[in-house]
Amino acid sequence: MKYRFGAARSFWRSWSRLPEVQQRAARQAFGIFKADPFDPRLRAHKIHKLSAQYGRTIYAVDIAGDLRATFYIEGETV
């Protein structure tokens with residue numbers, strides 16, 4: 001499936017605070033993510049507590065070490 005991608009303002013605030021090493025890892029992971037958000041290299045998994053809180057399925061992907069990004073899918077938009 002072809003997705004469109006959008007980021008919340010809070011993502012960009014968090015991004016600007018990351019060290020350069022983590023920003024590079026995130027750029028690399030985003031390249032994989034754009035091709036397939038559920039690529040096994042990203043170890044996508046559901047976040048049950050957030051999903052229940054927001055009433056939609058929330059996922060997280062591993063970027064590097066303890067760095068993760070959360071996302072949800074609404075129609076064709078991630």
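The values are calculated or read from the model by the stated rules, or taken from the named source; none is laboratory data. Nothing here was measured: the structure is a model prediction, and the numbers come from that model. Cβ placement follows ideal geometry from the backbone for every residue including glycine, while neighbour counts extend to all protein chains displayed. What goes into the accessible areas is simple: the full protein's heavy atoms, side chains included, and nothing from ligands, DNA or RNA. Shrake-Rupley method; radii C 1.70, N 1.55, O 1.52, S 1.80 Å.
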(request) Add +1 for every Lys or Arg and -1 for every Asp or Glu among the other residues with Cβ under 14 Å from the Cβ of residue 23, and state the total. (result) +3
(message) Just to confirm the number: angle between the C-alpha axis of helix 20-35 and the first principal axis of the chain, 0 to 90 degrees, nearest 10?
(response) 40 degrees
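Starting from the Kirkwood radius over alpha-carbon pairs of the chain, derive D by Stokes-Einstein at 20 °C in a medium of 1.002 mPa s and give it in µm² s⁻¹.
Details: Rh = 13.2 Å.
So the translational diffusion coefficient is about 163 µm²/s.
What's the extension gain from residue 74 to residue 15 if we count 0.36 nm per residue and subtract their Cα-Cα distance? Walk me through the numbers before you get to the answer.
On the way: separation 59, 0.36 × 59 = 21.24 nm, distance 2.27 nm.
Difference between extended and current length: 19.0 nm.
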(request) Excluding residues on the same chain fewer than 8 positions from residue 34, give the aspartates and glutamates whose Cα lies under 13 Å from its Cα. (result) 76
(message) Just to confirm a number: summing +1 for Lys and Arg and -1 for Asp and Glu over residues other than residue 58 whose beta-carbon lies under 13 angstrom from that of residue 58, what do you get?
(response) +3
(message) Quick check on the chain: helices-only [θ] at 222 nm, where DSSP H runs of length 4 and up contribute -39,500 (n - 2.57) each and the sum goes over total residues. Nearest 500, please.
(response) -12500 deg cm²/dmol
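What ranking do 55-67, 10-22 get when scored by the average of other Cβ atoms within 10 Å per residue, highest first?
Values: 55-67: 14.3, 10-22: 10.5.
Descending mean neighbour count gives 55-67, 10-22.
Mind checking the per residue accessible area of the chain for me, 1.4 Å probe, whole number of Å²?
Numbers: 5930 Å² over 78 residues.
Result: 76 Å² per residue.
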(request) Keeping the other protein chains in place, figure out the carbon and sulfur percent of the accessible area of the stretch 28-78, with a 1.4 Å probe. (result) 51 percent
